[in-house]
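This report refers to the structure that appears directly beneath it.
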2 protein chains.
Amino acid sequence: MPLVLYDLAGADEEARFSPYCWRIKMALRHKGLAWREVPWRFTDKDAIVFSGSKTVPVLVDGTRSLSDSWTIARYLDEHYPEPSLLGGPLGEAHALFIRLWSESTLHPLILRLILPDLYARLHPKDLDYFRSSREARFGKPLEQIASEPSTSLPAFRAALAPVRSVVRSQPYLGGARPSFADYIVFGALQWARVMSPLELLEPGDAVHAWRDRLLGEHDGYAARAPICQPRLDPSAR
Amino acid sequence: MPLVLYDLAGADEEARFSPYCWRIKMALRHKGLAWREVPWRFTDKDAIVFSGSKTVPVLVDGTRSLSDSWTIARYLDEHYPEPSLLGGPLGEAHALFIRLWSESTLHPLILRLILPDLYARLHPKDLDYFRSSREARFGKPLEQIASEPSTSLPAFRAALAPVRSVVRSQPYLGGARPSFADYIVFGALQWARVMSPLELLEPGDAVHAWRDRLLGEHDGYAARAPICQPRLDPSAR
């Protein structure tokens, strides 16, 4: 019985943009596992109520259901050990730093950069939920959360400094081969790539070359990801 | 034959302040190894010419001499495996991210904050070398590198966000026990603690509590580190 993954979709059902779901899709390919996907939207809470979670990724493995990308990665390493995603206790402890760095540093910068594009690519039924949840999180109207790329894109690229330093000295954050640390940072970039035409990385940047390597990994799996088109009704923006 | 460590000293020979040497002293305690220390100043290049390095730490183990804290940590894990510092290939790859994050993010912020205090605590023979090398690195006079704590201390504390997030969910960056990742970030804080009266961390901060735990590790080894007093001649500042 293949695994089942509930995966966040945009207006276009084929366009899958959650940075957390991307971590898990890359992790499943890393393990050589097959899975079936169920497209899911932010407001489809009922569809995953069985898991106890209100957000995706939700992974179903036989009689088990798992949520939260970190929990799922640990589960995969425990039940499908090779090749390792986290590298044992110290590898996992150190990867937690990279995860929390990515979530505290990169995610807010990316969200601010792609927000108008992202909002224009959500399924209509998700618009109210997205607006109210993000306005509550940031404490201001959606229109004031978005940042101006001319100033915030250089800040985002500067924030990638530690990734840049690592991938100048080794191919991946995981060393010679990708690890879950790579998929964490890559997932954030895939989020932007699927939902915005804004190019976050400069062509000559070592981080750009590293992302290209990851797009090519697992038989070019992530490179084939459908890009989301904006909804036709511009008034809905 | 005990190990020998060349260790950077201030005006006061007992005051040892290099963040890179602190990594190694904590690593040696972590391994339960004994060592003899040779106090060293920036301008004592001849004393370590045998190692091929112009900077410390330099560690001598029998007929081998090693330099560069990262190389030394890997050597220690290879030759004295337990308890591990880096945790194998993935643990090491992920620790490299934490190292490069610390060096690119924390080190410049700390140097700017403690610079006048640090300069006032260097051995007189090191002053010219320190000034010219740091002015070359930053491209401006020493007096313009220093930052105003009222604005840059909050920025420094904000930059610690990923450390704070990790140590809220587990005792150390290495998990239940410290790893070399802890010693990397701790070394940067020890650098400031030995050479400046400025308190970088707020008492209620989870990072403060984490540093306290590390000060207490290995029988309170780092807590006993002598603090450097400023040189008596204020004109030399």
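Below, the figures for the structure above:
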{"item": "Candidates B:V185, B:V163 - the one that is facing chain A (nearest Cβ under 9 Å), buried (at least 24 other Cβ atoms within 10 Å of the Cβ) and either touching a residue at least 40 places away in the same chain (Cβ under 8 Å) or part of a helix (DSSP H, G or I) (or both)", "result": "B:V163"}
{"item": "Where B:A222 falls short, out of the listed (1) more than 18 Å from B:L28 (Cα to Cα); (2) modelled with pLDDT of 95 or more", "result": "(1)"}
{"item": "Odd one out for A:R231 among (1) modelled with pLDDT of 95 or more; (2) out of contact with any Phe, Trp or Tyr (no Cβ under 7 Å at 6 or more places or on another chain); (3) surrounded by 18 or more Cβ atoms within 10 Å (Cβ to Cβ); (4) under 15 Å from A:F17 (Cβ atoms)", "result": "(1)"}
{"item": "Inter-residue pairs, beta-carbon under 8 Å, first within 21 Å of B:P83 (Cβ to Cβ) and in the stretch A:72-90, second among the hydroxyl-bearing types (S, T, Y) and surrounded by 16 or more Cβ atoms within 10 Å (Cβ to Cβ), 6+ apart", "result": "A:S84/A:S179; A:L86/A:S179; A:G87/A:S179; A:L90/B:S84; A:L90/B:S179"}
{"item": "Within the stretch B:208-226, considering residues that are under 20 Å from B:V167 (Cα atoms) and of a type in the set (K, R), the one farthest from the chain's Cα centre (by Cα)", "result": "B:R213"}
{"item": "Residue satisfying condition, being more than 30 Å from A:W101 (Cβ to Cβ) and modelled with pLDDT of 95 or more, within set B:G91, B:G52, B:G87", "result": "B:G52"}
{"item": "Subset of the stretch A:135-160 (residues that are in contact (Cβ under 8 Å) with a residue 12 or more places away in the chain and either within 14 Å of chain B (Cβ to nearest Cβ) or assigned to a helix (DSSP H, G or I) (or both))", "result": "A:L142, A:I145, A:P149, A:S152, A:L153, A:A155, A:F156, A:R157, A:A159, A:L160"}
{"item": "Looking only at the stretch A:69-102, and only at residues there that are more than 12 Å from every other protein chain (Cβ to nearest Cβ) and in contact with a Pro (Cβ under 8 Å, 6 or more places away or on another chain), the one that is nearest to A:L33 (Cα to Cα)", "result": "A:I72"}
{"item": "Members of the stretch A:1-19 that are surrounded by 16 or more Cβ atoms within 10 Å (Cβ to Cβ) and touching a Phe, Trp or Tyr at 6+ places or on another chain (Cβ under 9 Å)", "result": "A:L3, A:V4, A:L5, A:Y6, A:D7, A:L8, A:A9, A:G10, A:R16, A:F17, A:S18, A:P19"}
{"item": "Count of the stretch A:166-182 residues which are under 18 Å from A:G91 (Cα atoms), over 19 Å from the mean Cα position of the chain (by Cα), part of a helix (DSSP H, G or I) and more than 9 Å from chain B (Cβ to nearest Cβ)", "result": "1"}
{"item": "Residue within the stretch A:22-34 that is more than 14 Å from chain B (Cβ to nearest Cβ), β-branched (V, I, T) and surrounded by fewer than 21 Cβ atoms within 10 Å (Cβ to Cβ) present", "result": "no"}
{"item": "Long-range neighbours under 6 Å by Cβ, at least six apart or interchain, first residue farther than 17 Å from B:A222 by Cβ within the stretch B:30-41, second among the acidic types (D, E)", "result": "B:P39/B:E13; B:R41/B:D126"}
{"item": "First in the stretch A:1-21 and more than 11 Å from A:E37 (Cβ to Cβ) and at pLDDT below 95, second anywhere and of a type outside the set (A, V, I, L, M, F, W, C) and surrounded by fewer than 24 Cβ atoms within 10 Å (Cβ to Cβ), Cβ under 7 Å, 6 or more apart", "result": "A:M1/A:G62"}
{"item": "Residue, farthest from the other protein chains (Cβ to nearest Cβ), within the stretch B:104-132, restricted to residues that are without any contact (Cβ under 8 Å) to a residue 40 or more places away in the chain and over 20 Å from A:L96 (Cβ atoms)", "result": "B:D128"}
{"item": "Residue match in the stretch B:152-160 (condition: farther than 27 Å from A:V167 by Cβ, modelled with pLDDT under 95, in the same structural domain as B:P203 (by TED's automatic domain parsing) and polar (S, T, N, Q))", "result": "yes"}
{"item": "Residues located in the stretch A:171-182, provided they are free of Cβ contacts under 8 Å to residues at least 60 places away in the same chain and either over 14 Å from B:F97 (Cβ atoms) or in contact with an Asp or Glu (Cβ under 7 Å, 6 or more places away or on another chain) (or both)", "result": "A:Y172, A:A176"}
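The values are calculated or read from the model by the stated rules, or taken from the named source; none is laboratory data. Just so we're clear, the structure is a prediction, and the values are computed from it rather than from any experiment. Here Cβ is always computed from backbone atoms with ideal geometry, including for glycine, and neighbour counts include all displayed protein chains.
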